[in-house]
Structure formats: structure tokens, C-alpha cells
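One structure is given below, encoded as C-alpha cells.
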Amino acid sequence: MLIKKSKFKIPFLNQKALIIKVIIFSILLIGLLFTFLLDLALGSVDIPINEVVKILLGQEPEKATWANILLKFRLPKALTATLAGAALGVSGLQMQTLFKNPLAGPFVLGISSGASLGVALVMLTASATTPILLADLGIISDFGLVIAASLGAASVLGMMLVVSRRVQDTMTLLILGLLFGYATSAIVSILLQFSSKERIQSYIMWTFGSFAGVTWRQLVVLIPVILLSLLGAVLQSKSLNALLLGESYARSLGLTVQKTRFSIITSASILAGGITAFCGPIAFLGVAIPHLCRSLFNTSDHRILIPIVIIMGAILALIADLFSQLWVSQMVLPLNAVTALIGTPVVTWVILRRNSQKSFP
């Protein structure tokens, strides 16, 4: 038992390893700041980084149009990308620990499909007088989208949790997750058949994924929802560590497993559902980010992993946003296409690596 407990202790006695981790953490923070500024600077109109900093500090730039472009369009997009990467990464980490499955994630297990179904029910079944585009909805409707997407995500995640108690095989669980995803997609397809062309076009554009469609008014909803959920995930660190060692061990520590599972499901669903509501179903980030962080820091301690996943997720989301708008001149690529190119090599590496290992993580 003492050996298991020591697995999650930060090795303070190993000063060299601690210094290396502090250096890596500092580099990641600098990298986050740099990619955030770079995302603000680059686009169809390039803005020098020093001018970006001046605008953020409230100073007058050389060109007045730069301030308008940055504050009205690029800053909300960069903030959304930062929140999305952090939320999807932490959601994926929670699900991988909960299911003890290295390939668990919002997209792989059908959670994003469930959130998409919730959004589709709102967008495609609205009355004729209801605005179509998300940008035209009020704050109350924005909260409604978050709730609908979170409930859809929670329903699929809850079903996967029930199934996971009876099915121990990892591949079987993944197949069932894909089946749940196909089932929700089928329901959405039926809804599309009975919707108007405008709503269908709006929904299809939403499924491509984008950080650019979120306005300041919607960020008023998105920021507190995601930050509170991330805080809840941080507070769950010890519980996640205990679950990683098994339910029996968790109960021996006085942990109420059922309540802990419910709190993790709620947190993961809100994180995945909130982002999906406003940005669309973004694939692969939730699976790839936790593995990158585990490899980088060589630890399974959630007290260390969750902050690192938040930073790394934000960095990768910002990089994906940059790639989506810089590959083709005067065009923006679908965000899902870019995240797939980033996440596919990581998921492939996980599958190949798992063949030579018997346990997770």
C-alpha cells in the first residue's frame, strides 16, 4: 500500500528532476504566451507583435484598423481557442482515468456526438421565428445551448459508464462508444431531413468546427462555465489519483466512488459540451493532449497533469487555429481537419505503444 501511495508523490528529494520539471513548465507558459500573441498577430492582415502588445495595453497602434481587427475579431477567437484546448484536454484526461482507457476522449467515446445532438435539437427544431445563427442568440439562449450540449454529452457518457462496468475489454468499449456516436448521428440526420435549408447549412458549417464564430457576448457565458469546470477538475485531482489505483483502494481512503464518478461525469460533460456548443465538435485534442503531457512529465499524478494539460491544450488549440488560417491564402480550413492532422499521429502512437504494455497508464 505504501508503494502505491508513493506513485503520486512529487519527488522533492530528487532536486534535478524537480528543476527539470519547473524549467519545462516555465517553457510551456512562455510558449502559451507566444502562441497567443502569434494568433493575434497573424491572419489575412498581419499585425506586428509589438503593435499587438500596445493594443492589449490600451495604447494607440500605428493604424486604427489594427485595433478594430484585434479587439473585435482576433482576441475573442484566441480566448476561445485557449479555453477550448484546455477544456477538451482536461475532459479527455478525466475520461481516460475514469474508464482506465488510454483512447478515451470526448470524440472517440461519442461524447462530442452526444453534445452535437443536444445542439442539433436546439438549432434544428427551433420555431421559424427563432434566429438561426448562434451569433444572433441572446445570453439566455447561449446558456440553453450549453445546457443542451452538456446534457447530450452527459447522456452518452453515462451510458458508456454503465457499459464499462460490464465490459472490461478496451477495444469492445471503444467499439460501443463509436456505435453510440453513430446512433446520435443518425438521429441528427433524421432531424436534418425535416429542417429548412438555412438551418441545415448553419448546422453543417457548425460541424466543421471553428473558434472564430464566438462573440464577446457568448464569451460572457463560455468563460465562467469553463473556468468553474476547470476549477472543479483541479479539486478532483486527489479523487482521480485514487480512482487510477482502483475502486477498492479509493474506498479504503474513504472516497465515495459513486459521488466521485458523478462529479467527474458532470465536469467532463460541461467541459466537452460547453466547447462543442459554441465551437462545434472538435476531434482528437481530448485524446492527444493528456498523452503528450504524461510523456513530457513522465507522471500520472493529476495534481501535476491537470495544470500541464490546461497549458498544453491551449497551446495546441492556438497552433491548430493558426494552421487553419495560414495554409491557404484568403481561406480558412475546417478546424476539424487540422486537429485530425495533429491528433492522428498521437493516437496512432498510443495504439502501437499499448501493444507492448499491459496496463494503463
Completion exercise
Quick calc, Arg166 & Phe73: beta-carbon distance into FRET formula, R0 51 Å, rounding 0.05, result 0.55
Practice task
Starting from the Cα gyration tensor of the stretch 242-331, take the square roots of the eigenvalues, sort them a ≥ b ≥ c, and report rounded, prolate or oblate (rounded when a/c is under 1.5, otherwise prolate if a/b is larger than b/c, else oblate).
Solution key: oblate
Completion exercise
The answer for the stretch 178-328, accessible area per residue at 1.4 Å probe in Å², is 42 Å²
Handout entry: Alpha-carbon centroid distance for the pair the stretch 186-242 / the stretch 281-305, whole angstrom
Key = 21 Å
Practice task
Could you go through the stretch 337-344 in sequence order and give the Karplus-derived ³J(HN,Hα) for each residue, using 6.51 cos²θ - 1.76 cosθ + 1.60 with θ = phi - 60°, rounded to whole Hz, and x for Gly and Pro?
Solution key: 5, 6, 5, 5, 5, 7, x, 4
Handout entry: R0 of 56 Å, Cβ-Cβ distance Phe25-Ile190: FRET efficiency to nearest 0.05
Key = 0.70
Completion exercise
Everything considered on the Cα gyration tensor (a ≥ b ≥ c; rounded for a/c under 1.5, else prolate if a/b is larger than b/c, else oblate), the stretch 43-88 must be described as prolate
Handout entry: Given Lys100/Lys238; Lys16/Lys259; Lys21/Lys54, the pairs whose alpha carbons are separated by over 27 Å
Key = Lys16/Lys259; Lys21/Lys54
Practice task
Kindly report, to the nearest 10 Å², the accessible surface of Arg251 as traced by a 1.4 Å probe over protein heavy atoms only.
Solution key: 130 Å²
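The values are calculated or read from the model by the stated rules, or taken from the named source; none is laboratory data. Computed from a predicted model, the values in this text were never measured in an experiment. Glycine also receives a Cβ, built like all others from the backbone with ideal geometry; neighbour counts cover every protein chain displayed. Remember, those area values only see protein heavy atoms, side chains included, never the ligands or the DNA or RNA. Shrake-Rupley method; radii C 1.70, N 1.55, O 1.52, S 1.80 Å.
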